[in-house]
Amino acid sequence: MSVGSEKGNPQAPITITEAAAEAIARRGEREGCEGQALRVQVKGGGCSGATYAMSYEADGPRDGDYVTTQHGVTVFIDPRSIVFLKNSTLDFKSELMSQRFVWTNPQAKGTCGCGESFSL
């Protein structure tokens, strides 16, 4: 298991913004998953070929998971997904008509209109 750091670890492959961390914590409270880590994965599917998947994880990290804690939230990423998420940023946007998580992913060659799937 590799471990990231909230203190700006140069090895950290993803960045979680403060807004995203607050949204992760709020959503966890609403769903009865308060204090649980967020598992982030890249899965096949979606209209562009790959999609982001996020779920709360009550158990600890799995063997090989990348683990990072940023702004008070812990995120687990499996070794397969980390390849597709390297240097990505997870943010949260709250606008007049919508609230959503937003990925900025330099690995993505294209995205769909909803922003939930991407091509590599």
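Checking Trp103 against (1) at pLDDT 90 or above; (2) part of a strand (DSSP E or B): exactly one of these is not met. Which one?
Among (1) at pLDDT 90 or above; (2) part of a strand (DSSP E or B), the lone unmet condition for Trp103 is (1).
For the stretch 12-26, which positions are small (Gly, Ala, Ser) and within 21 Å of Pro79 (Cβ to Cβ)?
Ala12
The values are calculated or read from the model by the stated rules, or taken from the named source; none is laboratory data. This structure is a prediction, so every number in the text was calculated from the model and none was measured. Note that we place each Cβ from the backbone using ideal geometry, even for glycine, and neighbour counts take in every protein chain shown.
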